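Beneath this line is the structure, given in structure tokens, with notes to follow.
A short reminder: the numbers here are calculations on the coordinates, not readings from a lab. Quantities reported herein were computed from a predicted structural model and do not represent experimental measurements. Cβ atoms come from the backbone with ideal geometry, glycine included; neighbour counts cover every protein chain shown.
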Amino acid sequence: MSDTPATKAELRERIDSSYASLEHILAQLSDAQLTTPIDGSWSAKDLLAHVAAWEQLMIHFHVGDRSFEDVTGLTTVPYASTQVDQINEALYARDRELPLPQVLQSFRSTHQELLAMLGDMSEADLARPYAPEGRSGSPLIQWIIGDSYDHYDEHRATLERVLSAQ
């Protein structure tokens, strides 16, 4: 993870900047580019569904009071004892047949939900220790960073490769 923002305003600036960069790349990709598998694997659409799924988990499970199973619908994938890569594969299996417009809508509406959640949080909320069952603990802000701008940056690099290959 990158260095931790010192304030809620700085966190919001980093999220806004990274998200805007991701949207800038998305605006340049065709529907075909968004739905074609990358390197024989997930498509850009699948990456966006993945980002939205982890944002939803952060909003409703890590910060909210809903269970992992309730948020994801993955009743046979226990969060505490399942490796992140296995959770990612289960989320991919759940979402891979979703149509592109639905994925884009979910990606964008979940981001708006994240911004609303942050608006309701204090800096003390961001600094509070958090450790979900089966995972290492850290301040809540680290979980938010990992499922927002660090995640956008990680997958934006892949989308930039798709764009440069056209």
Next on the checklist: Can you tally the net charge around PRO78? Count Lys and Arg as +1, Asp and Glu as -1, for every other residue whose Cβ sits under 10 Å from the Cβ of PRO78.
Outcome noted: -2
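Remind me, relative contact order of the chain in percent, using alpha carbon pairs under 8 angstrom and six or more residues apart?
35 percent
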Checklist entry - For the chain, modelled as a Gaussian network with Cα springs under 10 Å, which listed residue fluctuates most, SER138, SER41, SER109? => result SER41
Next on the checklist: Using the Karplus curve 6.51 cos²θ - 1.76 cosθ + 1.60 with θ = phi - 60°, what ³J(HN,Hα) values do you get for each residue of the range 37-47, in whole Hz, with x for Gly and Pro?
Outcome noted: x, 9, 6, x, 10, 5, 8, 4, 4, 5, 5
Next on the checklist: Nearest 10 degrees is fine. How inclined is helix 84-95 to the longest principal axis of the chain, computing both from alpha carbons?
Outcome noted: 50 degrees
Checklist outcome for this item: Taking Cα atoms, the helix 100-120 axis meets the longest principal axis of the chain at an angle in degrees (rounded to 10) of 20 degrees
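How would HIS24, HIS155 line up from fewest to most surrounding beta-carbon atoms within 10 angstrom? Let's see the in-between values first.
Working: HIS24 12, HIS155 18.
Sorted ascending by nearby Cβ count, the order is HIS24, HIS155.
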Checklist entry - Rg/Rh for the range 95-137: what does it come to with C-alpha atoms and Rh from Kirkwood? => result 1.17
Checklist entry - Which residue, ILE38, ILE144, ILE59, tops the fluctuation ranking in a GNM of the chain built on C-alpha contacts under 10 Å? => result ILE38
Item to check | Amide H within-cut-off set for TYR130, under 5 Å, with H built and near neighbours excluded | outcome: SER138, LEU140
Item to check | Overall form of the range 29-93 per C-alpha gyration tensor (a/c, 1.5; a/b vs b/c) | outcome: prolate
Checklist entry - Hey, fewest Cβ within 10 Å first, where do ASP70, ASP125, ASP65 land in order? => result ASP65, ASP70, ASP125
Checklist entry - Okay, helix-only estimate at 222 nm for the chain: each DSSP H run of n ≥ 4 adds -39500 (n - 2.57), divide by all residues, round to 500 deg cm²/dmol; what do you get? => result -19500 deg cm²/dmol
Checklist entry - Which one is right for this structure if Kirkwood radius over Cα pairs in Å is calculated from it: [x] 16.5; [y] 31.2; [z] 18.1? => result [x]
Checklist entry - If amide H atoms are built 1.01 Å from N in the plane of the peptide, which residues on other chains or at least 5 residues away come under 5 Å of the amide H of SER43? => result ILE38
Item to check | Cα centroid separation, the range 21-44 to the range 81-108 (Å) | outcome: 15 Å
